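Below: the structure, in structure tokens.
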């Protein structure tokens, strides 16, 4: 039976110190993630199960995912564990800005501000983050705000696109994907030229038995290990946002028109979702050689790596990259690579909240970040046939990847770079994003598939 996971603790929130490895610079999902989570199951989505003015067949998906349809009713509640006294410390949302407040003393605060590992809060942190503390002072509650219209206009986009369009292959270079998930199993790419388990490189690509892609983290054919599902949550979440099926089950991905497949390329792993740039470069080359058109990269490093840049620059794929979650205090001003590479085949994506404002932790900058997309409290697939709300620019990038894939599939005669130009030109302007991102707006699927293509590409 499906169940909604508690907020999962995946490497989160703060840019970790980067160590130069013998094999390349280290990269990890932490740099691009600001995971919102609770330790206990007191988390609910209060989005209306029905929308008063909606008769849409897609409505069950809208009630679960504000990024698809936001009528302003979305809210999500997070509480501390029962019995955890406020004075003793608790858990905060990683990555937000901490303000001194004269009414509270600086309390029990660890040094890792963004921290998946260090997650105690002080009274100061809680006050400044607008948490609500009950009278018994034994727990706190956080409520997310929403503003109607801050969404991707998914229904209108799907109605415009229908089930037509050319086939598109999207590589998700990440921690791996649960290819058995009910919402993903029918949209996963497999290498049909390879015979499973025969120990022979049937297609002569240099990789033996790569039926479900390749695991560059462990240097072996990729296989989903159901005994260790949490390692695959991050990549599975990204894949679901991009293209989870519209199948009356779970969620719906942005590019759910049946013409988009997900290629699994594992290059990150372990409990920290980490890896190195050499493996990432090899993963990029593999994805392109196997036919991927678009590549989602929801990770990063603060260290510039020329070989990694060359891997992207020399590729014909379009890359959608998480802009990252700022500096050690979660303030969004620290360049993150690959998002910060100055390349024409990259879209760098910032993390937008349901109220139309960038998350405090999200990197931004008109010279280095292209567009914003929903990335806070995003419901998507996770390993083990489950679902979870996660937050961070890691969640924003797949939103744009999905729109890019949908756009590229819909317009028969455009190239991938032209699809990028259309998506960026079709951004929905928001005052809150002026002088924050290059387009001054958030991604909008309907705008992209109804754009004046001739004027954009002229």
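The values are calculated or read from the model by the stated rules, or taken from the named source; none is laboratory data. Not measured: the values here are computed from a predicted model. For neighbour counting, all protein chains shown are included, and Cβ atoms are generated from backbone atoms with ideal geometry for every residue, glycine included.
Is one or more of the residues making up the range 210-219 within 22 Å of the chain's Cα centre (by Cα), in a strand (DSSP E or B) and over 13 Å from residue 290 (Cα atoms)?
Checked the range 210-219: at least one residue is within 22 Å of the chain's Cα centre (by Cα), in a strand (DSSP E or B) and over 13 Å from residue 290 (Cα atoms).
Scanning for something more than 16 Å from residue 29 (Cβ to Cβ), more than 17 Å from the chain's Cα centre (by Cα), in contact (Cβ under 8 Å) with a residue 24 or more places away in the chain and surrounded by fewer than 24 Cβ atoms within 10 Å (Cβ to Cβ), does the range 264-274 turn up at least one residue?
Within the range 264-274 (the criterion being more than 16 Å from residue 29 (Cβ to Cβ), more than 17 Å from the chain's Cα centre (by Cα), in contact (Cβ under 8 Å) with a residue 24 or more places away in the chain and surrounded by fewer than 24 Cβ atoms within 10 Å (Cβ to Cβ)), the answer is no, since none of the residues qualifies.
Pick from 292, 252: which is more than 16 Å from the chain's Cα centre (by Cα), buried (at least 24 other Cβ atoms within 10 Å of the Cβ) and not in a helix (DSSP H, G or I)?
Unique residue meeting the criteria: 292.
Listed here are the residues, each with its yes/no results for (1) at pLDDT 95 or above; (2) surrounded by 20 or more Cβ atoms within 10 Å (Cβ to Cβ).
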site	(1), (2)
416	yes, no
423	yes, yes
426	yes, yes
435	no, no
438	yes, no
443	yes, yes
446	yes, yes
452	yes, no
456	yes, no
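Taking interchain pairs and intrachain pairs at least six residues apart, which have beta carbon atoms under 6 angstrom, with the first residue in the range 184-202 and on the phi < 0 side of the Ramachandran plot and outside any loop (DSSP other than H, G, I, E, B) and the second buried (at least 20 other Cβ atoms within 10 Å of the Cβ) and modelled with pLDDT of 95 or more?
Note: pairs meeting the criteria are 188/179; 188/262.
For the range 221-235, check the following and say yes or no: at least one residue is without any contact (Cβ under 8 Å) to a residue 60 or more places away in the chain, within 28 Å of residue 316 (Cβ to Cβ) and touching a strand residue (DSSP E or B) at 6+ places or on another chain (Cβ under 9 Å).
The answer is yes; a qualifying residue exists.
In the range 344-383, how many residues are touching a residue at least 40 places away in the same chain (Cβ under 8 Å) and not in a loop (DSSP other than H, G, I, E, B)?
Total meeting the criteria: 15.
Inspect all residues belonging to the range 189-204 and state whether any of them is surrounded by fewer than 24 Cβ atoms within 10 Å (Cβ to Cβ) and under 20 Å from residue 394 (Cβ atoms).
no
Quick one: how many residues across the range 162-178 are buried (at least 24 other Cβ atoms within 10 Å of the Cβ) and assigned to a loop (DSSP other than H, G, I, E, B)?
Final tally of qualifying residues: 4.
Kindly establish whether residue 345 is surrounded by fewer than 24 Cβ atoms within 10 Å (Cβ to Cβ), touching a strand residue (DSSP E or B) at 6+ places or on another chain (Cβ under 6 Å) and modelled with pLDDT of 90 or more.
yes
Just to be sure before I move on: is residue 183 surrounded by 14 or more Cβ atoms within 10 Å (Cβ to Cβ), in contact with a strand residue (DSSP E or B) (Cβ under 6 Å, 6 or more places away or on another chain) and under 28 Å from residue 338 (Cα atoms) in the structure I sent?
no
Does residue 259 qualify as being surrounded by fewer than 24 Cβ atoms within 10 Å (Cβ to Cβ), in contact (Cβ under 8 Å) with a residue 24 or more places away in the chain and closer than 20 Å to residue 169 by Cβ?
yes
Working only within the range 389-414, note down all residues that are over 16 Å from residue 242 (Cβ atoms) and either buried (at least 24 other Cβ atoms within 10 Å of the Cβ) or within 17 Å of the chain's Cα centre (by Cα) (or both).
Hits for the range 389-414 are 389, 391.
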